[in-house]
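Encoded as structure tokens, the structure appears first; notes follow it.
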Amino acid sequence: MPELPEVETIVRGLRACLPGRRVEEVVVTQPAILRTPLAQFADTLTGARITAVTRHGKHVLLELSRRSRAGARAWWIVHLGMTGQFICARDGQNHPPHTHAWFPLEGGDVLRYTDVRRFGRMEATSEGAGGIPAVLAALGPDPLEIDAADFAARLRARDARVKALLLDQRFLRGMGNIYADETLFRAQVHPAAAGRRLSRARALRLWAAMREVLAEAIERGGSSISDYVDAGGRPGSFQDLHRVYGRTGEPCVTCGARVRRSIVAGRGSAWCPRCQKK
DNA sequence: GTCGATGTTATCAA
DNA sequence: TTTGATAACATCGA
């Protein structure tokens, strides 16, 4: 659920409420969500001021005022997994079920982390040589930043299926199952087509479709299928514009053929058998 | 009650 | 290097 557009929407919401605020307290009731030992995590965050909130792929990056002895900036990195919610709430007392951590802020609000399936993770770390924490170094380029020629060249250098590549965070950071399927449909590319088998023109079309889908989804505040809400607890509306995802068996909006669903690269994939040829 | 599916990634084996 | 299978978890619906 929280793919690039959802995380971007959450980050924009957090930016309206977090920068400049100090973390007064760290409460973690489910330490398994942490990649950093609890004591170290709490030490890093407690009393620190949040100076900036950014997105890196599907990760939320909170820059902290604190610095390590070596002078490196500290970061709080959050990945929401499949069902994670990161909400800036007024009510610091009544937490919904599956709330595993919360962070009272100076001035009264509480930043709250809720995650039904507990696939999400958070950690406290410090910047690497490039200014961004080393844990994020292995991720590929951002789908909204990579240029068309570069994308086409990288795609066509690979034997793997396009769907697998779009979902591979080392190939591109931020795409997930919904936006991969919606991108492939708009570009009229079969999810199981091999990267190398795509013409340059089709690879470029895929790039354009990807940007278009992501931009529209961000504009609509993301897709709310089951759990996703933004930093204010509000759902997005891009699910109303899905053309294949969640429409299995329904007529293709372009040609009327029944939308199919099959497993490609281990992931459920929805596609139109008539519009999306290999 | 059981089974299978659900948006995530990490890990292991071939 | 790449790929596929599996596990982590809770919920929902058949």
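Assorted remarks:
- What you get for the range A:169-243, charging only the Cβ of Lys and Arg (+1) and of Asp and Glu (-1), is a dipole of about 620 debye around the Cα centre.
- When chain A is treated as a GNM with alpha-carbon contacts under 10 Å, the residue of A:T29, A:T114, A:T51 showing the greatest mean-square fluctuation is A:T29.
- Normalising the average separation of contacting C-alpha pairs (under 8 angstrom, six or more residues apart) by the number of residues puts the relative contact order of chain A at 19 percent.
- Cα-based shape type of chain A, given that a ≥ b ≥ c are square roots of the gyration tensor eigenvalues and the cut on a/c is 1.5: prolate
- GNM flexibility winner over chain A from A:R173, A:R121, A:R154 (Cα, springs under 10 Å): A:R154
- Reachable lysines from A:K58, criterion Cα separation under 27 angstrom, eight or more residues apart if same chain: A:K163
- Under 19 Å from the Cα of A:K278 - aspartates and glutamates, other chains or at least 8 residues apart: A:D159, A:D181, A:E182
- For chain A, a Gaussian network of Cα nodes joined below 10 Å ranks A:P37, A:P19, A:P104 by mean-square fluctuation, and the top entry is A:P37.
- Of A:A129, A:G108, A:F119, farthest towards positive along the dipole that unit charges on Lys, Arg, Asp, Glu beta carbons give the range A:86-159: A:F119
- Acute angle (nearest 10 degrees) that the helix A:200-219 long axis makes with the longest principal axis of chain A, alpha-carbon atoms: 40
- FRET efficiency estimate (nearest 0.05) - Cβ-Cβ, A:A52 to A:R117, R0 30 angstrom: 0.55
- Cα-based shape type of the range A:46-121, given that a ≥ b ≥ c are square roots of the gyration tensor eigenvalues and the cut on a/c is 1.5: oblate
- Each label was represented as a point 7 Å from its Cα along the Cα-to-Cβ direction; for A:R22 and A:A215 these points are 4.3 nm apart.
- Whole-number Å³ per residue for the convex hull built on Cα positions in the range A:50-181: 135
- In terms of the mean number of neighbouring beta-carbon atoms within 10 Å, the peptides A:136-142, A:271-277 order highest first as A:271-277, A:136-142.
- Around the Cα centre of chain A, unit charges on the Cβ atoms of Lys, Arg, Asp and Glu (plus for the first two, minus for the last two) sum to a dipole of about 1320 debye.
- Around A:A89: net Lys/Arg minus Asp/Glu count, Cβ-Cβ under 12 Å: 0
- Rounded tilt (10° steps) of A:177-187 against the dominant C-alpha axis of chain A: 40
- Set of the range A:231-260 residues, backbone N closer than 20 Å to the point 7 Å along the Cα-Cβ line of A:R274: A:242-260
- Its DSSP H runs of at least 4 residues, each contributing -39,500 (n - 2.57), put the calculated 222 nm mean residue ellipticity of chain A at -7000 deg cm²/dmol, to the nearest 500.
- Take A:215-223, A:143-151 and order them by the average number of nearby Cβ atoms within 10 Å per residue, most first; the result is A:215-223, A:143-151.
- Shape category assigned to the range A:119-237 from the gyration tensor of Cα positions, a/c cut at 1.5: oblate
Values quoted throughout were computed directly from the atomic coordinates according to the rules given, and no laboratory measurement underlies them. A quick note: this is a predicted structure, and the numbers were derived from the prediction, not measured. Cβ sites come from the backbone with ideal geometry, for glycine too, and all protein chains shown count toward neighbours.
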